[in-house]
Amino acid sequence: MDKMAYLQQIASDNKNHHKPSGSGFDILSYLTPRNILIAVISIFFLIGASLLFNTKKTIDTRDRDLLIRSYFMAKYLNDETISKYGDLLKSSDLRAYTASLKTVLSELMLTESKSLNEEFGIEDVSDLEEDTIAQDEKSKNKTLNSTLETAHLSAHLDRVLVREFTLQLTYLINYQTEAHERTTKPNAKTATDTEIKNLTNLKNNYATFNTKAV
C-alpha cells in the first residue's frame, strides 16, 4: 500500500469510529407530531386528575370542619352563654325558648360527636378544643357574652338576647346547611337535616318575639 492509500485508509477508519452507534438513543426520532400530541394530552389529563382529587379532598375536609365548628359553637352557647344568662331573662316565654334551645344544642353536640367519630374517625371531638376552629368559636362566644353582659347591666338583656340569638342561630343553621349539602356521609346528612329543622323553629321563635312586651 502506497503512502496515499495508507492515509485514505486512516481517514476512513476515523470516520467510521466517530459515526453514532445505531444502538444509541436518538430523541429526535421520537419527536414526531403524533408523539408530541400524546404527551400534551397526557399532561393535561394528569393535571385534571390532580385538580379533581384536590377538590374532592377539600370538600371532604370542609364538611368535617363544619361539623366540628357546629359542635363547638353549640358547646360554648350552652356552657358559657345560656348557663349564665338564661335565668336572668325577664320574659317567661324567652326563658322557655332558651331552655328549649339548650336541649336542642345538647342533642346537636351528641349527634355531631357521633358523626365525627363514626364517619370521620375523630374519637373525641372535645380533644380538638385547642385547635383553630374551636378557638375561633370561643373568641366569637366571648364577644357575644360581652354584648349580653353590657345589655344585662343596662337592663336590656331580653331585647339584646333576642337579636343576638336570632343571629347566632342563623350562623349555626348556615353551618349545618353547608355541611348537609357537602357531605356524602349518610348519618351526617340525616343528622344535619333534623338539626336544621329544630334550629329553624327556634330561630323563628326568637325572630318573631315581641320585644316591646319586655
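With the structure loaded, tell me whether T183 is of a type in the set (V, I, T) and surrounded by fewer than 19 Cβ atoms within 10 Å (Cβ to Cβ) or whether it fails that test. Taking the combined requirement at face value, the residue does not satisfy it. What do you reckon, is T170 of a type in the set (S, T, Y), loosely packed, with under 13 Cβ neighbours inside 10 Å and not in a loop (DSSP other than H, G, I, E, B)? Judged against the criteria, T170 is not a match. With respect to the conditions (1) surrounded by 19 or more Cβ atoms within 10 Å (Cβ to Cβ); (2) over 23 Å from T103 (Cβ atoms); (3) out of contact with any helix residue (DSSP H, G or I) (no Cβ under 6 Å at 6 or more places or on another chain), S154 lacks only one, and its number is (1). Within segment 195-211, does at least one residue satisfy the condition of being surrounded by 14 or more Cβ atoms within 10 Å (Cβ to Cβ), assigned to a helix (DSSP H, G or I) and without any contact (Cβ under 8 Å) to a residue 24 or more places away in the chain? Yes. Restrict the check to segment 69-78 and report whether at least one residue is modelled with pLDDT of 95 or more and within 20 Å of P186 (Cβ to Cβ). Scanning segment 69-78, I find at least one residue that is modelled with pLDDT of 95 or more and within 20 Å of P186 (Cβ to Cβ), so the answer is yes.
The values are calculated or read from the model by the stated rules, or taken from the named source; none is laboratory data. Bear in mind that the values here come from a model prediction, so they are computed numbers and not experimental data. Reconstructed Cβ throughout: ideal geometry from the backbone, glycine too, with neighbour counts over all protein chains shown.
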